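Participant: Sending over a structure as structure tokens; questions will come in a sec.
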Amino acid sequence: MTTDFRSELLASGLLVDTGVDGLYLRSGGFEKVVRGIDDLITAAGVDQNASVLHLPAVIPRLLLERSDYVRSFPNLLGMVNVFEGDDDLHAKLLERFEHGENWAELLAPSDVALCSAACHALYPLCSGRLPDGGRRFEVFGHCFRHEPSLDPARMQAFRMHEFVYLGDADGAVAHRDLWLERSAELLSGLGLAVHAVVANDPFFGRAGRMLASSQRAETLKYEIVCAINPDAEPTAISSSNYHVDLFGIGFGIESSNGDVAHTACVGFGVERITLALLAAHGLDPDTWPPGVRSRLWP
């Protein structure tokens, strides 16, 4: 069961429980694996000639709206609220705090929100016409999604390592397909039993179910899945996505010939890959197969 694996991770000290489901501190040993995975992913994309960006855990709130995240995934997003009141409001806040009442509702929404998808922060930077050949980015991002769970593979706070393409339709599809194959090779090379499946994003509501069905029918999204927990369904540890012209329209991005730009990305969930390796090879990375260790720490 997922709780058994979670208990083993906590007992080993690899993860430390914070008291909030899906939120953990990570040990130095856990982070050593994360760094090895990041380095391996970067090496796999060395031919991409991509601009490298490291993104913070917060983004402009406006980005949630322009990326359509508010409409599509309201159940997953997180806002940053701040105190902007005077002495009187502070007194009310303290009174509620002292009585164990809801003081947070006296806070006001700020101009920033928690980042839900690392690639979204790129699109405002690319408004206007792209150069010949489009643009490519390698992105490291801290992400948040509000889906508390005891399954360690469903963390609320996690990191994504992505390669993103912006350009014409043919280039976007080629980028998606290249990385679908490349990510499967990279992950299977670490001794993980993986396979690719057609997938959809977890759109919210009745309209969202229609979007999800259309996304699957058009095979816009593929996931590389792996059985992290023996008693649970295989979990996505990487995904390859073709967004068509969604972000080209939303952010006013044109391909070099003046058409609305198309985009695609591959995302690696580094915590999930780390968990998959721990489940497959044991909780002590020093005892992992030599071929796996040499790839992660050459």
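The values are calculated or read from the model by the stated rules, or taken from the named source; none is laboratory data. Worth saying up front: this structure is predicted, and the values here are computed from it rather than measured. Neighbour counts are summed over all protein chains in view; Cβ atoms, including those assigned to glycine, are modelled from backbone coordinates with ideal geometry. Ligands, DNA and RNA are stripped out before the accessible areas are found, and what is left, the full protein with its side chains, is counted by its heavy atoms. Shrake-Rupley method; radii C 1.70, N 1.55, O 1.52, S 1.80 Å.
Participant: Thinking of the stretch 248-298 as a set of Cα atoms, what percent of all their pairs are more than 17 Å apart? Mind dumping the intermediate values first?
Facilitator: Details: 730 of 1275 pairs.
That tail contains 57 percent of the Cα-Cα pairs.
Participant: So, one more: All other residues with a Cβ under 14 Å from the Cβ of ALA91 taken together, and with Lys, Arg as +1 and Asp, Glu as -1, what is their net charge? If you can, show how the numbers build up before the last one.
Facilitator: Values: positive: LYS92, ARG96; negative: ASP86, ASP87, ASP88, GLU95, GLU98, GLU101.
It works out to a net charge of -4.
Participant: Suppose we keep just the alpha-carbon trace of the stretch 140-298; what are its Rg and Dmax in angstrom?
Facilitator: Reported Rg and Dmax, both Å: 17.1, 54.
Participant: Considering amide H positions built from the backbone, and no H for Pro or chain starts, which residues 5 or more places from MET79, or on another chain, come under 5 Å of its amide H?
Facilitator: Placed amide hydrogens put LEU114 under 5 Å from MET79.
Participant: So who's got an amide H within less than 5 Å of the one on ARG159, skipping anything under 5 residues away but keeping other chains? H placed 1.01 Å off N, in plane.
Facilitator: Amide H neighbours of ARG159: CYS143, VAL270, GLU271.
Participant: Rounded to two decimals, what is the ratio between the C-alpha radius of gyration of the chain and 2.2 N^0.38 Å? Walk me through the intermediate numbers first.
Facilitator: Values: Rg = 20.6 Å, N = 298, 2.2 N^0.38 = 19.2 Å.
Computed over Cα atoms of the chain, the ratio equals 1.07.
Participant: Now, a different point. Report, to one decimal in Å, the Kirkwood hydrodynamic radius for the stretch 169-262 based on all distinct Cα pairs. Show your work: numbers first, answer last.
Facilitator: Values: mean 1/r = 0.0676 Å⁻¹.
Kirkwood hydrodynamic radius for the stretch 169-262: 14.8 Å.
Participant: OK, next. Counting pairwise Cα distances across the stretch 29-97, what percent come out greater than 19 angstrom? If you can, show how the numbers build up before the last one.
Facilitator: On the way: 1551 of 2346 pairs.
For the stretch 29-97, the share of Cα pairs beyond 19 Å comes to 66 percent.
Participant: Go through the stretch 55-71 residue by residue and turn each phi into a ³J(HN,Hα) via Karplus (6.51, -1.76, 1.60, θ = phi - 60°); whole Hz please, and just put x for glycine and proline.
Facilitator: Per-residue couplings from phi come out as 9, x, 7, 10, 9, x, 4, 4, 5, 4, 6, 6, 7, 6, 5, 4, 6 Hz.
Participant: Before I look further, what does the chain give for accessible area per residue, probe 1.4 Å, in whole square angstrom? Show your work: numbers first, answer last.
Facilitator: Working: 14420 Å² over 298 residues.
Averaged over the residues of the chain, the accessible area is 48 Å².
Participant: Step through the residues of the stretch 240-248 one at a time and calculate ³J(HN,Hα) from phi using the Karplus curve (6.51 cos²θ - 1.76 cosθ + 1.60, θ = phi - 60°), rounding each to whole Hz and writing x for Gly and Pro.
Facilitator: 10, 10, 10, 8, 6, 9, 3, 7, x
Participant: Over all distinct alpha-carbon pairs, what is the Kirkwood Rh of the stretch 1-118 in angstrom? Spell out each step's value before the answer.
Facilitator: Details: mean 1/r = 0.0540 Å⁻¹.
Evaluated over the stretch 1-118, this radius sits at 18.5 Å.
Participant: Rg to Rh for the stretch 173-213: what is it, with Cα atoms only and Rh by Kirkwood?
Facilitator: Working: Rg = 14.1 Å, Rh = 12.2 Å.
Radius of gyration relative to Kirkwood radius: 1.16.
Participant: Between TRP297 and residues 5 or more places away or on another chain, which pairs have amide H atoms under 5 Å apart, with H built 1.01 Å from N, and which residues are they?
Facilitator: Long-range HN contacts for TRP297: none found.
Participant: Quick check: at a probe of 1.4 Å, how many percent of the accessible area of the stretch 1-145 sits on carbon and sulfur atoms? Write down the numbers at each step before the final one.
Facilitator: Working: 4260 of 7970 Å².
Carbon and sulfur atoms account for 53 percent of the accessible area of the stretch 1-145.
Participant: Which of the helices in the chain meet the span-like rule: DSSP H, Cα axial reach of 20 Å or more, Kyte-Doolittle mean at least 0.0?
Facilitator: Working: long enough: 28-44 (24 Å, 0.40); 169-188 (29 Å, -0.13).
Sorted by number, the helices that extend far enough and score high enough are 28-44.
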